[in-house]
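Following: one structure in structure tokens, then a few remarks.
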Amino acid sequence: MRDVNKVFPKGKKPLEKKIGVLTCYDYMFARILEEAGVDSILVGDTLGVVVQGHPSTLPVTLDEMIYHAKAVRRGAPNTFITVDLPFLSYQVSLEDGIRSAGKVMKESGCDAVKFEGGGPEILELIYKLERIGIPVMGHVGLTPQSVNVFGGHKIQGKAEEDRIRLLNEAKGISDAGAFSVVFELIPSILAGEISSSIPIPTIGIGAGPATDGQVLVLYDFLGLNKDFHPKFLKTYMDGRSGVFEAVKTYVKEVKEGIFPGPEHSH
Ligand code: KIV
């Protein structure tokens, strides 16, 4: 399903069914996600951390995002796919933001872009892209491209002034014409308050159950990362142990002449 109005219905809260989103970075996983019925895919710039091994999302380039987005599009041709604009591809000027978003749409064949923040320049960019015909997903709370300003991955919106700022940012994003907004690492009660005060679907990660949908980073969700266990993360399988044991068994069988057996030989 690639109809933005059906995947992310506006003004229909509470939604009949919540929206299940996962990140994805390659063709093979995209095929599985589509076949398993994920509502929507996010090609997140978290690929800088989980695929490329950087300590943050900051080094990711626009061309790298497009490379991964193209592979995901090939694997999930019928799923609504949003692509992150990476650090410094939209913050310098409105023109930069429009060109970056347009390049992603033209070259990846995906359906929408996402970028972080809720200040006046971001709202202007959302408004402009909507007018051009590029659907936008917003992202507030812990915005990882600003991790150096936050001083780490900390819960946002605890102080009264931050609470009000987040509320205003989310309202601004909705009013500017975004089809959805991600809330990352904010208290559940605040997420619920903001969610019920705007018409567009809200997608949470570390924001509790009151949002209209959830998103998780695919490799974290599969239990591949043994060093990452934040409270908000539920792992749906022990992927690391499965892969680890398979590799050990394979190497042992090759060494012992068990693989390939007659059934694997011509
Ligand atoms: O880059 C990403 O994967 C994201 C999600 C964590 C929402 O922005």
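Read-outs throughout are calculated quantities, based only on the coordinates presented, and are distinct from any laboratory measurement. As the structure is a computational prediction, the values presented were derived from the model and not from experiment. Don't worry about glycine lacking a Cβ; one is built from the backbone with ideal geometry, like all the others, and counts go over all protein chains shown.
Counting neighbouring beta carbons within 10 Å and listing from fewest to most, the residues Ile134, Ile126 come out as Ile134, Ile126.
Calculated [222 nm] ellipticity per residue, helices only, for the chain: -12500 deg cm²/dmol; basis is -39500 (n - 2.57) per DSSP H run with n ≥ 4, divided by all residues, nearest 500. Each of Ser93, Ser56, Ser195, Ser265 was scored by other Cβ atoms within 10 Å of its Cβ. Listed from fewest to most, they are Ser265, Ser93, Ser56, Ser195.
With neighbours defined as other Cβ atoms within 10 Å of a residue's Cβ, the residues Thr82, Thr235, Thr202 order from fewest to most as Thr235, Thr202, Thr82.
Trypsin sites (Lys or Arg not before Pro) within the range 158-266: which are DSSP loop residues with at most 13 other Cβ atoms inside 10 Å? If you can, show how the numbers build up before the last one.
Values: sites: Lys158, Arg163, Arg165, Lys171, Lys226, Lys231, Lys234, Arg240, Lys248, Lys252, Lys255; in loops: Lys158, Lys226, Lys231, Lys234.
Sites meeting the loop and neighbour criteria: Lys158, Lys226, Lys231, Lys234.
Helix 94-108 and the long axis of the chain differ in direction by around 40°, with both axes built from C-alpha atoms. For Pro144, the shell of other residues with beta-carbons less than 13 Å away shows a net charge of -2, using +1 for Lys and Arg and -1 for Asp and Glu. Look at where the Cα atoms of the range 94-149 and of the range 161-191 average out, and the two centres are 15 Å apart. Loop-located trypsin sites (Lys or Arg not before Pro) in the range 1-99 (DSSP state other than H, G, I, E, B) with a sparse environment of at most 13 neighbouring Cβ atoms within 10 Å: Lys12, Lys17.
Between Gly223, Val104, Ala176, the Cα set farthest toward the positive side of the dipole of the range 89-234 (charges on each charged residue's Cβ, about the Cα centre) is that of Gly223.
Bridge orientation summary for the chain: considering DSSP beta bridges with both residues in this region, about 5 percent are antiparallel.
Label positions at Val251 and Ser93, each projected 7 Å from the Cα along the C-beta direction, are separated by 5.3 nm.
The Cβ shell under 14 Å around Asn225 holds other residues with a net charge of 0, Lys and Arg each +1, Asp and Glu each -1. The three principal axes of the Cα atoms in the chain give end-to-end lengths of 65, 38, 38 Å, sorted in falling order. Under the convention that each Lys and Arg Cβ holds +1 and each Asp and Glu Cβ holds -1, the size of the dipole of the range 4-235 around its Cα centre is about 500 debye.
For the range 36-164, the tally of Lys pairs with Cα-Cα distances below 20 Å comes to 8, considering only residues 8 or more apart or on different chains. Once you've got the GNM for the chain with C-alpha springs shorter than 10 Å, pick whichever of Met105, Met65, Met237 has the biggest mean-square fluctuation. Ranking Met105, Met65, Met237 by mean-square fluctuation puts Met237 first.
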